Amino acid sequence: MTRGRTNGITALVLAGGRGRRMGGRDKGLVELRGRPLVAHVLDAIAPQVEAVLINANRNGDRYAAFGWPVVSDALTDYQGPLAGFAVGMAASTTPLLLTLPCDGPMVAPHLAERLAGALEGAGADIAVAHDGNRMQPVYALLRCTLLPSLEAFLAAGDRKIDLWYEGHHTVNVDFSDFPEQFTNVNTPEERARLEGEATGDAQVAQHGAD
């Protein structure tokens, strides 16, 4: 169950990639358990935040049908997540932007709340989820005042998230108690595995009901 809405935050669902490991398919629209991946993410994050944006570079009409504004990268040729961060900051109507990928359907119900608490508690510019082993850089909460810095970084030809983070006060936020959040559906095989797990769970539930 979601803990409640954290005001002052716009969530940006990143769906602007090439989907190379998915055979070039638009990952956000790949179905899992009968629904597009992005629908799972939107349903989980929307109740946690004040506003939602979808970052997509193709199939804009299909993404718009989910009922949230769609923003496309200002940079051409799929320049990576930071290009999405930049357009999200520019479009945000709140002081904070929460980023997360479209291919991670199991979003923690306290993602926004925990990131915001850590950001404010540390007086940081950026709060980034950590799974207990490593940082998960696309699960982040950023102050939108960082937009000029990010635009300059991108204009210089840099694209590495970690490198940009190093230039700002960044705090890691422990999500080791919810590792499933970082299960991404990058390949057809990963999608099939999650579908199989869902089928198995349903069979167990049905058997218990019998």
Original post:
Roughly speaking, what is the stretch gain from M106 to T76, that is 0.36 nm per residue apart minus the C-alpha to C-alpha distance, in nm to one decimal?
Top reply: 7.8 nm
Subject >> DSSP-defined antiparallel bridges as percent of all bridges, segment 6-209, nearest 5 >> reply: 35
**OP:** Give the dimensionless ratio obtained when the Cα radius of gyration of the chain is divided by 2.2 N^0.38 Å.
**Re:** 1.01
**OP:** Per DSSP H run of at least 4 residues, take -39500 (n - 2.57); add these up for the chain, divide by its residues and hand me the 222 nm value, nearest 500 deg cm²/dmol.
**Re:** -10500 deg cm²/dmol
Original post:
What's the local net charge at D158, with K and R +1, D and E -1, over the other residues with C-beta under 14 Å away?
Top reply: -1
Original post:
How far is helix 111-122 tilted off the main Cα axis of the chain, in degrees rounded to 10, range 0 to 90?
Top reply: 30
Original post:
Once you put a point 7 Å from the Cα of N7 and another 7 Å from the Cα of R25, both along the Cβ direction, what distance in nm separates them?
Top reply: 4.2
**OP:** Choose one answer from A46, A129, A65: the residue with the largest mean-square fluctuation in a GNM of the chain with alpha-carbon springs under 10 Å.
**Re:** A65
Subject >> Per-peptide average of other Cβ atoms within 10 Å, ordering 82-91, 177-186 highest first >> reply: 82-91, 177-186
Original post:
How high is the relative contact order of the chain, in percent, with contacts defined as C-alpha pairs under 8 Å that are six or more residues apart?
Top reply: 24
Subject >> Inter-label distance for E190 and H169, nm, one decimal - labels placed 7 Å from Cα along Cα-to-Cβ >> reply: 3.4
Original post:
What nm distance separates the two modelled labels at D177 and A152, each placed 7 Å from Cα along Cα→Cβ?
Top reply: 3.9
Original post:
G88: net charge of surrounding residues, Cβ under 13 Å, Lys/Arg +1, Asp/Glu -1, itself excluded?
Top reply: -1
**OP:** Using 0.36 nm per residue of separation minus the Cα-Cα distance, give me the extension gain between K160 and R35 in nm, one decimal.
**Re:** 41.8 nm
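Throughout, read-outs are computed from the coordinates displayed, never taken from laboratory work. Computed from a predicted structure; not experimentally measured. For neighbour counting, all protein chains shown are included, and Cβ atoms are generated from backbone atoms with ideal geometry for every residue, glycine included.
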